[in-house]
Structure formats: C-alpha cells, structure tokens
1. Any idea which of A:PRO49, A:PRO17 is over 25 Å from the mean Cα position of the chain (by Cα), open to solvent by less than 70 Å² (accessible area, probe 1.4 Å) and of a type outside the set (Gly, Ala, Ser)?
2. Restrict the check to the stretch A:30-40 and report whether at least one residue is outside any helix (DSSP H, G or I), without any contact (Cβ under 8 Å) to a residue 24 or more places away in the chain and either among the basic types (Lys, Arg) or within 28 Å of B:ARG54 (Cβ to Cβ) (or both).
3. Of the numbered conditions (1) at negative phi; (2) more than 7 Å from chain A (Cβ to nearest Cβ), B:ASP33 fails exactly one; give the number of that condition.
4. Please list, ordered by first then second residue, the pairs with beta carbon atoms under 6 Å, 6 or more apart or interchain, first in the stretch A:82-98 and closer than 11 Å to A:ALA70 by Cβ, second among the charged types (D, E, K, R) and part of a helix (DSSP H, G or I).
5. For B:VAL47, indicate whether it is more than 7 Å from every other protein chain (Cβ to nearest Cβ) and aliphatic (A, V, I, L, M).
6. Could you grab me the full set of residues in the stretch B:15-29 that are in a helix (DSSP H, G or I) and either among the aliphatic types (A, V, I, L, M) or more than 7 Å from chain A (Cβ to nearest Cβ) (or both)?
7. Please tell me if B:GLU44 is open to solvent by 30 Å² or more (accessible area, probe 1.4 Å) and modelled with pLDDT of 85 or more.
8. Condition (residue is open to solvent by less than 60 Å² (accessible area, probe 1.4 Å), at pLDDT below 95 and among the acidic types (Asp, Glu)) applied to the stretch A:66-75: is it met by at least one residue?
Amino acid sequence: MPTPTGEHQGGTDLVPPPREPLRHAVRRRLRSVGRHNGLRHWLSTRGIPVLLGYAALFTGNGFLIGWRRAYDVSIGITSPADTSAPVPAWFLSVAGWLLVPGIVGAVAGYAVSNAITSRRTRPLDELFPEDDDG
Amino acid sequence: MAELIPLLSDLLYARCGFTVPDGFVESYVKLHDQDWHRAQDHWERVVRWVLDCREVESRATSRRAMQQAVAASGAILHLTPLLARCPHCRAGRRVP
C-alpha cells in the first residue's frame, strides 16, 4: 500500500493516530466494496455469498448422501425423496432448480446486454493518444 | 491502497490521493474526542453510504469512485451549514 506523502496538513494538536488493527483493516476493505460498479459489485455483495451458501449446501449434502447423489439431486436427475437424508436434499434440489439457472442466466444476460449497449460509445478523440511532451 | 476508504490519518498528507476540505480531519477527530478508532469507524460508514449516492458518477469505478465519494463525504461533513456534525454519533457541537 503506497504511503501518503507530502506536506503534513494540520492535525498538529491531535493525539497521534493508533495503528489500524487487522480486524479494522478487514472491515474497511469490506466497506469499500461500494467502489465497484455493475456486475463486479453484484458479485461481491450478492453473487459470491449466494455461491458460498450453495457450496455449503452441496458440501453438507455430499457428506450426508454421497457426492454423486448430491450432484444428481442438484441437477434434478434424482428426487431428493429417494435419498437417505431427504430434508437437506430438498433444499439442495430447490437451489439447483431455482438459484443456479437463474443466476447463471442473469450473468450471461448481463454480459450480452453490456456488449450490445456498449457498441459505438468510444469518443473520437481517443484516436490520438495524449501528447505527454506537452 | 487508493481504492479503499482512506484512513483519516492518511488524509492529513498533501499527496494522499484524495481531496478533503482543509481542517476536516482535525475537526472530525476532535468531534469524536480524539478517539481515532471511533472517528474512523464513523468516517467509513459515511463514505460507504456516499458511494451509493448520485454524487458519485454511475460509471465511475474503483479509484475514481472512491475519490469522488471521499470528496463528497468530506464536503458534506465539513462545509455544510451543519458544520462539524457526525450523523452516526449525533455529535453536533462546533469544534473550536
């Protein structure tokens, strides 16, 4: 992280600032997520948490009913009622039905939509790079 | 990293990569009885909130978005008629 430099402006009668604790640094990073835009912001705030939740659900079912069975339930090949632990398997099945196609479809739709709408948005003066020699 | 919400202590430097009103950091920290941790906590909450406001360009991302949010946050905390207030601890007294 680059250290701020230059003249120290004011603050001479303040107590010296303490070192930032690690948990505060992590908190600051999480609070800075709003700097992102569009898909990246959505992935950070919604997409990844949902994905982690689905991964936890799949992993739990994998240990309970077996990995192959969990996979078959998640993609709808096997009914969750035909497993040794139907209750958690039902949650996995519903997630597989609703969440995954919906999210993948939304991301794909966003990517395509973005590509379509960003056509011919480039400004003309980008043709000539800025002259750094002034 | 210039993309994260800056530390208040870093904003005291001329070349910190951000623009805040003169005297803002000093008055904001004093408003919190020189409790740097509490001031930083409330500062981060304000900037996080401003990142979702229209004062930050909708197409701005990362460094540029953070610079705009920090500038707007510093301005509203320091330069509005409600001088030197913190919306999170309702500390409304003027700082000498």
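The values are calculated or read from the model by the stated rules, or taken from the named source; none is laboratory data. Remember, it's a predicted structure, so these values are computed and weren't measured experimentally. Cβ atoms come from the backbone with ideal geometry, glycine included; neighbour counts cover every protein chain shown. Note: accessible area is taken over every heavy atom of the protein model, side chains too, but ligands, DNA and RNA are not part of it. Shrake-Rupley method; radii C 1.70, N 1.55, O 1.52, S 1.80 Å.
1. Values: A:PRO49 fails: over 25 Å from the mean Cα position of the chain (by Cα).
On inspection, the qualifying residue turns out to be A:PRO17.
2. yes
3. Checking B:ASP33 against (1) at negative phi; (2) more than 7 Å from chain A (Cβ to nearest Cβ), the one that fails is (1).
4. Short answer, once both residue conditions are applied: A:THR83/A:ARG69.
5. Criteria met by B:VAL47.
6. Once the filter is applied, which keeps residues that are in a helix (DSSP H, G or I) and either among the aliphatic types (A, V, I, L, M) or more than 7 Å from chain A (Cβ to nearest Cβ) (or both), the stretch B:15-29 yields B:PHE24, B:VAL25, B:SER27, B:TYR28, B:VAL29.
7. On the way: open to solvent by 30 Å² or more (accessible area, probe 1.4 Å): no; modelled with pLDDT of 85 or more: yes.
For B:GLU44, the condition - open to solvent by 30 Å² or more (accessible area, probe 1.4 Å) and modelled with pLDDT of 85 or more - is not met.
8. Within the stretch A:66-75, one or more residues are open to solvent by less than 60 Å² (accessible area, probe 1.4 Å), at pLDDT below 95 and among the acidic types (Asp, Glu).
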